[in-house]
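The values are calculated or read from the model by the stated rules, or taken from the named source; none is laboratory data. Model, not experiment: these values are computed from the prediction. Please note: Cβ atoms are built from the backbone with ideal geometry, for glycine as well, and neighbour counts cover all protein chains shown. Please note that ligands, DNA and RNA were not included when accessible areas were found on the heavy atoms of the full protein model with its side chains. Shrake-Rupley method; radii C 1.70, N 1.55, O 1.52, S 1.80 Å.
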Amino acid sequence: MSESEAEQTDKQKYEFQKVIEELEDYRGSGTQLVTIYIPPDKQISDVVAHVTQEHSEASNIKSKDTRTNVQDALKSIKDRLKYYEVYPPDNGMVIFSGAIDSGGGRTEMITRVLESPPQPIQSFRYHCDSEFLTQPLADMLTDKGLFGLIVLDRREANVGWLKGKRVEAVKSASSLVPGKQRKGGQSAQRFARLRLEAIDNFYQEVAGMANDLFVEKRHDMNGILVGGPSPTKDEFLDGDYLHHELGDMVLGKFDVAYTDESGLHDLVDAAEEVLAEHEVLQDKQVMEEFFEELHDGERATYGFGPTRENLMMGAVDQLLISEDLRKDVVAYECPNGHDEYEFLDPNEETPEHTCSRCGETVEAGEREDAIDHLIELANQRGSETVFISTDFEKGDQLLTAFGGVAGLLRYSTGV
Ligand SMILES: [Zn+2]
């Protein structure tokens with residue numbers, strides 16, 4: 001992915017995040033809010049047929065209000081689908097439609113279409129409830145990282161991927177390792193030697209599967225998790241069966257009872273803390289650097305005004321935005337040529353403004369989403385945008401103590 005594509009994705013993720021937050025708050029008085037997840041390989045005509053079918057089945061709904069609302073939602077979805085030809089856009093799309101409670105016993109019909117989510121939609125889903133189904137989309141947005149998964153005991157092994165929050169089983173193997181009980185007539189010594197050989201062969205086979213899958217992806221991977229009962233996973237790791245570069249990427253070994261496909265899921269559950277730690281690792285490193293520069297260097301800037309000014313100068317290397325920040329920005333163009341900006345809460349009214357430099361009363365200009373505004377500037381000036389989680393102390397401080405916006409500069413500007 002090129003740098004500009006990465007920035008585009010950040011902006012898109014932010015847009016999706018905002019829509020999800022809006023949709024999460026909506027409720028229908030009945031089960032009348034419709035959500036449809038459409039995978040990229042699903043033909044639009046199939047979706048239309050499904051929606052038509054649901055529309056006719058909805059005539060059985062007893063409550064007249066709910067029936068009308070569901071049918072209106074489905075009609076609105078069909079109208080939207082007319083804009084697409086054979087297939088949905090890349091990665092698919094999600095449509096939300098329904099009559100939401102707008103207070104005082106009134107309802108309001110809303111329809112939102114989200115095209116091309118950051119990851120492909122896996123399967124078609126039709127969902128009708130009193131809430132919109134936003135979780136699968138939210139999971140995609142928080143998806144960070146690619147991890148290799150290995151589960152094994154002496155009988156079987158599975159390797160696969162953890163892509164964001166999605167577990168993908170890829171390969172499995174079962175062993176010919178004999179049980180501990182030897183057959184009559186065999187010498188104990190010989191039996192033990194054959195058994196160790198079989199175990200060794202099996203570990204080599206498992207490592208071969210993992211190497212085939214992981215080695216070429218190692219630069220895109222965030223780590224490897226290994227699970228299984230003791231002492232199998234320990235023997236496997238201590239025996240250096242894995243390619244040496246993969247061995248260095250093992251983040252931890254975890255007790256997992258099953259080594260079939262379900263074991264891969266158990267492994268991810270068992271590694272929850274390590275994964276959570278990893279998710280904020282990059283954010284932590286960036287914030288550490290910010291605080292070092294703040295105390296002992298000259299490359300830190302923070303607050304909307306100064307960060308924006310540095311962005312305009314092209315001096316920002318990394319633009320840091322708190323994940324939980326939601327602000328608008330209003331531009332004020334003073335007749336004496338002093339442009340100023342104010343940072344406002346989204347539901348705050350645009351206030352009167354007096355130019356801080358000449359005292360002139362200035363009319364409000366364009367009001368827009370502050371984060372869109374900053375990302376746009378960052379893209380134009382070649383600055384990287386990093387969204388910082390609030391799930392660790394210094395990340396939380398970015399939001400609470402620094403206004404949610406900061407920057408690491410390429411050089412000191414004195415602003
Ligand atoms: Zn002025």
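If only residues of segment 58-75 that are assigned to a helix (DSSP H, G or I) and among the charged types (D, E, K, R) are counted, the one that is farthest from LEU33 (Cα to Cα) is LYS64. Restricting attention to segment 265-290, which residues are open to solvent by 40 Å² or more (accessible area, probe 1.4 Å) and of a type in the set (Phe, Trp, Tyr)? Across segment 265-290, there are no qualifying residues.
In segment 119-132, the residues that are closer than 19 Å to LYS13 by Cα form Cβ pairs under 9 Å with partners that are open to solvent by 60 Å² or more (accessible area, probe 1.4 Å), at six or more places apart or across chains, as follows: GLN119/LYS163; GLN119/ARG166; PRO120/ASP41; PRO120/ASP90; GLN122/ARG166; PHE132/GLU24; PHE132/ARG112.
Can we say TYR302 is open to solvent by 50 Å² or more (accessible area, probe 1.4 Å), hydroxyl-bearing (Ser, Thr, Tyr), within 25 Å of SER412 (Cα to Cα) and more than 16 Å from the ligand (Cβ to nearest atom)? It is true that TYR302 is open to solvent by 50 Å² or more (accessible area, probe 1.4 Å), hydroxyl-bearing (Ser, Thr, Tyr), within 25 Å of SER412 (Cα to Cα) and more than 16 Å from the ligand (Cβ to nearest atom). As a summary of the residue check, MET249 satisfies the conditions (1) under 23 Å from the mean Cα position of the chain (by Cα); (2) surrounded by fewer than 19 Cβ atoms within 10 Å (Cβ to Cβ); (3) closer than 18 Å to GLU205 by Cβ except for the one numbered (3).
Can you find a residue that is away from the ligand (no atom under 16 Å from the Cβ), in a helix (DSSP H, G or I) and either over 30 Å from ASN222 (Cβ atoms) or among the polar types (S, T, N, Q) (or both) anywhere in segment 270-287?
Yes, segment 270-287 has at least one match.
Here GLU277 clears all of (1) modelled with pLDDT under 95; (2) within 20 Å of the chain's Cα centre (by Cα); (3) under 22 Å from ARG381 (Cβ atoms) except the condition numbered (3).
Screening segment 88-135 for residues that are open to solvent by 60 Å² or more (accessible area, probe 1.4 Å), touching a strand residue (DSSP E or B) at 6+ places or on another chain (Cβ under 9 Å) and assigned to a loop (DSSP other than H, G, I, E, B) and picking the one that is modelled with the lowest pLDDT gives GLN122. Counting only residues that are within 22 Å of GLY407 (Cβ to Cβ), assigned to a loop (DSSP other than H, G, I, E, B) and within 14 Å of the ligand (Cβ to nearest atom), segment 322-372 holds 1 of them. Residues that are farther than 30 Å from THR390 by Cβ, touching a helix residue (DSSP H, G or I) at 6+ places or on another chain (Cβ under 7 Å) and not aliphatic (A, V, I, L, M) do not occur anywhere in segment 117-124.
To keep it simple, each residue is scored yes or no on (1) at pLDDT 90 or above; (2) surrounded by fewer than 19 Cβ atoms within 10 Å (Cβ to Cβ); (3) of a type in the set (Ser, Thr, Tyr).
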residue	(1), (2), (3)
ALA315	yes, no, no
ASP339	no, yes, no
ARG357	yes, yes, no
ALA364	yes, yes, no
ARG367	yes, yes, no
LEU374	yes, no, no
ARG381	yes, yes, no
ASP396	yes, yes, no
VAL405	yes, no, no
